[in-house]
Amino acid sequence: MSPIRKAIFPVAGLGTRFLPATKAVPKEMLTVVDRPLIQHVVDEAREAGIEHFIFVTGRNKGVIEDHFDRQLELEFTLNERGKHADLELLNRELPSAGTTSFTRQQTPLGLGHAVWCARELVGREPFALLLPDVLVQAPRGCLGQMIDAYRELGERANVVAVEEVPPDRTHMYGVVGVGERRGKAFSITGMVEKPPRGSAPSNLIITGRYILQPEIFEILQTQERGAGGEIQITDAMMRLALNLPFYGFKFEGRTFDCGSKIGFLAANVAYALAREDIRAEFRVELEKLLGEK
Ligand code: G1P
């Protein structure tokens, strides 16, 4: 069975929900504790065995590329000052030479279009897609769990991570219809992007992690605009599901929708509380703040 070697990270979004922070800084570079969102998601992909990291960027996103490059001046200074632990951290996290690719989505036509922009870089092999707005805190990363499931489901399978949300929130996401169970996964009977309130097929939403077969690119080529006037990956996946097996996978872990202010702030608290080196001190500060309310 061919492994999933490549992952796409769509990072072209404008991040208007975080203005003015995102006026000059890409939203993917906002930090959760001391790491940019995009680094958290790349780490998840790397842990899952991904070898090639494909970023679909846009104008004013150059700093993301810089983040995954060496910073020689900084390395020099850290070395001079004997800050070996910091140096080691920078080197450990650097993707190896030749394992990152960057392409641009020249016009913001939607997530489906962003994925299509990576078609030449992915080629004819199954790939992962990770949306950096979504962080999943789990002992084993969400994509790693999905790849384990994919191995059981078979070579031609497509898999999306799903989770339950309260029914009054389904209109904000892609929602799946639920079919037969297959282990931790179940076959998908339908998918709809941002269904109008009260019309969702279930309360299981697509969480921002996907394993897709390369046929999705041909479909995206002719995909018409859908919800919000954008070319939607969900609509293209629905067409792909007519010919190839499609599964929803309920992963283990807690999700943070860092595209929203509350989700982003909650992620910072949760990730800080999970960190050995700052947990105790941070908890004291948090309790003080909560006590004042
Ligand atoms: C995108 C997808 C949607 C998915 C969501 C997860 O929507 O189109 O299907 O449920 O991410 O966060 P967006 O958040 O970009 O509107």
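Summary table below
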quantity	calculated
Subset of K27/K83; K61/K194; K23/K261 violating a 22 Å alpha-carbon distance limit	K27/K83; K61/K194
FRET efficiency, E276 to E125 (Cβ-Cβ, R0 41 Å, nearest 0.05)	0.60
The range 24-176, relative contact order [Cα under 8 Å, separation at least 6], %	31 percent
Net lengthening on full extension, I262/A227 (0.36 nm per residue, minus Cα-Cα)	10.2 nm
Derived scalar couplings ³J(HN,Hα) [the range 99-108; Karplus, 6.51 cos²θ - 1.76 cosθ + 1.60; whole Hz; x for Gly, Pro]	9, 10, 9, 10, 9, 10, 8, 5, 10, x
Local net charge near Y271, Cβ-Cβ under 11 Å (Lys/Arg +1, Asp/Glu -1)	+3
Label point distance in nm, E218-R197, each placed 7 Å from Cα along Cα→Cβ	4.2 nm
Chain lengthening between A24 and R283 when straightened (0.36 nm per residue, less Cα-Cα)	90.0 nm
Gyration tensor (alpha-carbon) shape descriptor, the range 143-293, a/c threshold 1.5	prolate
Three-way shape call for the range 1-147 based on the alpha-carbon gyration tensor, with the a/c threshold at 1.5	oblate
Simple spin-label estimate for R239 and M1 in nanometres, 7 Å along Cα-Cβ	2.8 nm
All Cα pairs of the chain, percent lying beyond 23 Å	57 percent
Sum of side-chain charges, E252 neighbourhood, beta-carbon under 12 Å (Lys, Arg +1; Asp, Glu -1)	+2
Residues with amide H under 5 Å from that of F251, placed H, sequence gap 5 or more	V162
Built amide H within the under 5 Å cut-off of F102, gap 5+	F55
Of all DSSP beta bridges in the chain, antiparallel share, percent nearest 5	60 percent
Relative contact order %, the range 16-110, counting alpha carbon pairs below 8 Å whose residues are six or more apart	34 percent
Rounded if a/c under 1.5, otherwise prolate or oblate - the range 1-82, Cα gyration tensor axes	oblate
Angle between the chain longest axis and helix 37-47 axis [Cα atoms, degrees, rounded to 10]	70 degrees
Within the chain, helix-based [θ] at 222 nm, where runs of 4 or more DSSP H residues each add -39,500 (n - 2.57), nearest 500	-9500 deg cm²/dmol
Projected label distance in nm at V33 and T16, using a 7 Å step from Cα toward the beta-carbon	3.3 nm
E73/L290 FRET efficiency (R0 35 Å; Cβ-Cβ; nearest 0.05)	0.25
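Readers should treat all values here as calculations from the given coordinates under stated rules, not as data from a laboratory. A quick note: this is a predicted structure, and the numbers were derived from the prediction, not measured. No Cβ is skipped: glycine too gets one built from the backbone with ideal geometry, and neighbour counts run over all protein chains shown.
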